[in-house]
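Note sheet for the following structure.
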Amino acid sequence: MKESWRSAIPAGLTLAQGSEFLFALLALSVRYMLVDESAASVIISIVIISMVLTPLLIKHGPNIIDSAFLRIGRKSFKDTEDHHTIPEHHKKNHILILGFGRVGQTIARFLRPLNIEYIALETDDVRIREASAAEEPVFYGDSGRLDILKAAGAAEASVVVVTFSDNQLAGKIVANAKHLNPNVPVLVRTRDDSSLGELLEAGAMEVIPETHEASLTLVSHILLIVEYPTRMIQSMIDKARRDRYQMLKGFYHGERLGFLSKEAPRSEIIHAVRLTENAFGCGKKLLELELPFDLKIVEVHRGSLVMPCEDTPELELKAEDVVVIRGLAEQIDPGENYLMQG
């Protein structure tokens, strides 16, 4: 189909195995004496072995093919890619953009007028052709591979930017980039904050959750419309970013909690607990409470007062106080039981 080696060989390895459907075909073939039973047994064995080997071929196939090519004196398929290689002059003090989708292209549009050198890695052939036709420095490459990052000059880059929202892959990229150069700054764009801690721990300099930044932008526009002072708006937004979006973490769940738990089990939610007269938490200071797991008390509502926990650690809880707790979905019930029963 005239695809590149990078696309064709992994696809061939993925599709090479037999399948369960062949078992049904063989059973019918034997029944109608189209295939001898001994031959069918051999075929079934081959199919089973191919199915067992498939995960290994998918994972290690490219390296196996590389070795085979080199042994017969030919270039590996990595070296025979249809896409042009990255010029050496691009590989120092540049900004390395990983992914050239909407976010990556937006970054490039700001960098180009400033004459700041950048290169981008992408795996979408069509997008690469379109961008290359416009003389954008976009090259084919799997950002998750250490050798590709090295070839793209990640060790000499001034900044590495991960623009796609695959948190697992982003974590691998951060680790690989830090392996090449422990001092290279790595910025990661994510969909939400579910992996913020892990990415920062892996070595990311900044993690920018898209949903939080969109919310902050919307808030700033609202406050500008109601003529709130610009300097105070910027101060609030800057504080939210410095605090790693702590005030934006968690949300009140609705009917789709089950869907959320399945698709994003590590997303935090917040839950309000109203203390009764006999509640365990009544009469205790916030700093005395030891909630299970990693649950946190966000704030306490007392009548019309809203008291953030971080500002009032000595606050003594009373009956009818509403305690807002934050944590993972499965941790909320034990947290509420602790506040009510101890």
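The values are calculated or read from the model by the stated rules, or taken from the named source; none is laboratory data. Treat the numbers as computed from the prediction; the structure is a model and nothing was measured. For neighbour counting, all protein chains shown are included, and Cβ atoms are generated from backbone atoms with ideal geometry for every residue, glycine included. Keep in mind that these areas ignore ligands, DNA and RNA; they rest on the heavy atoms of the full protein, side chains included. Shrake-Rupley method; radii C 1.70, N 1.55, O 1.52, S 1.80 Å.
Residue-level analysis places Leu260 outside the set of residues that are modelled with pLDDT of 85 or more, farther than 20 Å from Val298 by Cα, part of a helix (DSSP H, G or I) and touching a Ser or Thr at 6+ places or on another chain (Cβ under 8 Å).
Contact map, the range 291-302: residues that are buried (at least 19 other Cβ atoms within 10 Å of the Cβ) paired with residues that are in a loop (DSSP other than H, G, I, E, B) and among the aliphatic types (A, V, I, L, M), Cβ distance under 9 Å, separation 6+ or inter-chain. Pairs shown: Ile297/Leu289; Ile297/Leu291; Val300/Leu315; Val300/Leu317. Within the span defined as the range 277-294, one or more residues are closer than 21 Å to Pro209 by Cβ and not polar (S, T, N, Q).
If you take the residues in the range 155-169 that are in contact with a helix residue (DSSP H, G or I) (Cβ under 6 Å, 6 or more places away or on another chain) and within 26 Å of Arg244 (Cα to Cα), which one is surrounded by the fewest Cβ atoms within 10 Å (Cβ to Cβ)? Lay out the reasoning, then the answer.
Looking only at the range 155-169, we keep the residues that are in contact with a helix residue (DSSP H, G or I) (Cβ under 6 Å, 6 or more places away or on another chain), and these are 155, 160, 162-163.
Restricting the remaining residues to those that are within 26 Å of Arg244 (Cα to Cα) gives 160, 162-163.
Working: Val160: 30, Val162: 29, Thr163: 23.
Selected residue: Thr163.
I'm checking my understanding of the structure. Among residues of the range 132-154 that are open to solvent by less than 10 Å² (accessible area, probe 1.4 Å) and either touching a Pro at 6+ places or on another chain (Cβ under 6 Å) or part of a helix (DSSP H, G or I) (or both), which one is farthest from Asn181 (Cα to Cα)? It comes out as Leu149. Within the range 307-335, the set of residues being of a type in the set (A, V, I, L, M) and within 34 Å of the chain's Cα centre (by Cα) comprises Met307, Val323, Val324, Ile325, Leu328, Ala329, Ile332. None of Val138, Val126, Val162 is over 26 Å from Glu201 (Cα atoms), of a type outside the set (S, T, N, Q) and touching a Lys or Arg at 6+ places or on another chain (Cβ under 9 Å) except Val138. Test Ile119 against the criterion of being open to solvent by less than 50 Å² (accessible area, probe 1.4 Å), in a helix (DSSP H, G or I) and under 25 Å from Val207 (Cβ atoms), and give yes or no. It is false that Ile119 is open to solvent by less than 50 Å² (accessible area, probe 1.4 Å), in a helix (DSSP H, G or I) and under 25 Å from Val207 (Cβ atoms). Might you check whether a residue that is modelled with pLDDT of 75 or more, outside any strand (DSSP E or B) and either over 29 Å from the mean Cα position of the chain (by Cα) or of a type outside the set (A, V, I, L, M) (or both) occurs anywhere in the range 73-93? Checked the range 73-93: at least one residue is modelled with pLDDT of 75 or more, outside any strand (DSSP E or B) and either over 29 Å from the mean Cα position of the chain (by Cα) or of a type outside the set (A, V, I, L, M) (or both). Residues in the range 203-244 that are within 28 Å of the chain's Cα centre (by Cα) and among the β-branched types (Val, Ile, Thr): Val207, Ile208, Thr211, Thr217, Val219, Ile237.
Can you confirm whether Asp166 is at pLDDT below 90 and within 14 Å of the chain's Cα centre (by Cα)? When the stated conditions are applied, Asp166 passes them.
When the residues of the range 234-249 are filtered to those that are among the basic types (Lys, Arg) and part of a helix (DSSP H, G or I), the one that is surrounded by the most Cβ atoms within 10 Å (Cβ to Cβ) is Arg241. Residues in the range 325-334: is at least one more than 17 Å from Ile269 (Cα to Cα), at pLDDT 90 or above and surrounded by fewer than 16 Cβ atoms within 10 Å (Cβ to Cβ)? Checked against the condition, which is being more than 17 Å from Ile269 (Cα to Cα), at pLDDT 90 or above and surrounded by fewer than 16 Cβ atoms within 10 Å (Cβ to Cβ), the range 325-334 yields no hits at all. Listed by first and then second residue, the pairs with beta-carbon distance under 7 Å, at least 6 apart or on different chains, first residue in the range 133-153 and farther than 16 Å from Ala175 by Cα, second among the aromatic types (Phe, Trp, Tyr) and in a loop (DSSP other than H, G, I, E, B), are Val138/Phe100.
Each row is one residue, and each column tells you yes or no for (1) closer than 23 Å to Glu210 by Cβ; (2) under 21 Å from the mean Cα position of the chain (by Cα); (3) not basic (Lys, Arg).
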{"site": "Ile107", "(1), (2), (3)": "yes, yes, yes"}
{"site": "Leu111", "(1), (2), (3)": "yes, no, yes"}
{"site": "Asp125", "(1), (2), (3)": "no, no, yes"}
{"site": "Ala134", "(1), (2), (3)": "no, no, yes"}
{"site": "Leu146", "(1), (2), (3)": "no, yes, yes"}
{"site": "Gly153", "(1), (2), (3)": "no, no, yes"}
{"site": "Val159", "(1), (2), (3)": "yes, yes, yes"}
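Selection over the range 303-324 of residues that are in a loop (DSSP other than H, G, I, E, B), touching a strand residue (DSSP E or B) at 6+ places or on another chain (Cβ under 6 Å) and open to solvent by 50 Å² or more (accessible area, probe 1.4 Å) gives a count of 1.
Looking across the range 177-226, the residues that are charged (D, E, K, R) and either open to solvent by less than 20 Å² (accessible area, probe 1.4 Å) or in a loop (DSSP other than H, G, I, E, B) (or both) come down to Arg191, Asp192, Asp193.
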